[in-house]
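Working notes for the structure below.
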Amino acid sequence: MFERPSRIFDPLPMPHIQLLQHLVKASLVKLKSLALPIGALPPRYDANARCEYHANSLGNTIEKCWAFRHKVQDLLNSQDITFDKPNIKTNPMPPHGGPVVNEIEVVTDFGPVRQVKALINLFKEYLLECWFLLEHNESFDKTL
């Protein structure tokens, strides 16, 4: 029996369905039709799964589609598509849109924090007076 040599597939930086959308938009792949199998079904056939690469044909998902994997690997090998690896030494963080100014603000005025603490203490006293709390304890101090 003839055995096909196993092929090494490069890891992909995105899900297969997302890659398919990009490849179809760039006209690098076309959706294929797939006829229903005649006779015995293949061992991994899943009647509930649909393959987007094979025009939503039944049998498997695009994540398990060997034809799509081979097509993508062919495109990678021919360098029709490439996935750039980020260089963290020369560009540690890629830009996220337009120009950005990065700065750190140092806050030295804690006035609003003191005002909030004072209001919380007044609220605690009110709860104690109204018998919502039967006693003043340390866990109450920590929660508010």
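We did not get these values from a lab; they are worked out from the coordinates using the rules stated. Fair warning: this is a prediction, and the values are worked out from it, not measured in the lab. Don't worry about glycine lacking a Cβ; one is built from the backbone with ideal geometry, like all the others, and counts go over all protein chains shown.
Looking only at region 51-69, decide whether some residue is more than 21 Å from the chain's Cα centre (by Cα), in contact (Cβ under 8 Å) with a residue 12 or more places away in the chain and assigned to a helix (DSSP H, G or I).
yes
If you check Glu52 against the conditions, is it within 14 Å of Leu12 (Cβ to Cβ), in contact with a helix residue (DSSP H, G or I) (Cβ under 7 Å, 6 or more places away or on another chain) and of a type outside the set (A, V, I, L, M)? Write out each step before concluding.
Numbers: within 14 Å of Leu12 (Cβ to Cβ): no; in contact with a helix residue (DSSP H, G or I) (Cβ under 7 Å, 6 or more places away or on another chain): yes; of a type outside the set (A, V, I, L, M): yes.
It is false that Glu52 is within 14 Å of Leu12 (Cβ to Cβ), in contact with a helix residue (DSSP H, G or I) (Cβ under 7 Å, 6 or more places away or on another chain) and of a type outside the set (A, V, I, L, M).
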